[in-house]
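Below is one structure, written out as structure tokens, with a few remarks after it.
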Amino acid sequence: MTEPRRLQAIPGGRAERPPRQPVDLPEPLWREVLGGRLRMLRNEKRETLAETAERAGISPQYLSEVERGRKEPSSEMIAALAGALGTSLGALTEQVADDLRARRHPVATRRPGTAPTVLLRAA
């Protein structure tokens, strides 16, 4: 019986690669995170763009662009949208700040008592 051949490392293979460094994700834009939060609040109320926009005193097209992060609304416009969605400017600002923190440091902003999400990859 012959001894099985041993596997040899291929030059430049995994054994020689330096470990991966964590990738710093680009900081999200305030207007994009704000827009996402506004859309989430509107969807939670099960409202259309037209319904929310009418109460805020803006066009549905403009609200759509704000929600998609295409427009940078003024502070007065943000306050009007917050009021139309049944929240305050301060509460909306806190929610957006929390969303920004969660995107930047997902583990640090996890609620106490919740387990981290584990992703498994098949070999």
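The values are calculated or read from the model by the stated rules, or taken from the named source; none is laboratory data. None of these values were measured; they are calculated from a predicted model. Counting neighbours? That spans all protein chains shown, and the Cβs are built from the backbone with ideal geometry, glycine included.
The residues in the stretch 1-57 that are touching a helix residue (DSSP H, G or I) at 6+ places or on another chain (Cβ under 6 Å) and either of a type outside the set (Gly, Ala, Ser) or at pLDDT below 75 (or both) can be counted, and the count is 11. If the condition is being touching a Ser or Thr at 6+ places or on another chain (Cβ under 9 Å), closer than 17 Å to Ala102 by Cα and surrounded by fewer than 18 Cβ atoms within 10 Å (Cβ to Cβ), then the stretch 24-60 contributes no residue at all. Quick check on the stretch 71-87: of everything there that is touching a residue at least 24 places away in the same chain (Cβ under 8 Å) and not aliphatic (A, V, I, L, M), which residue is surrounded by the fewest Cβ atoms within 10 Å (Cβ to Cβ)? So, considering only residues that are touching a residue at least 24 places away in the same chain (Cβ under 8 Å) and not aliphatic (A, V, I, L, M), the one surrounded by the fewest Cβ atoms within 10 Å (Cβ to Cβ) is Gly86.
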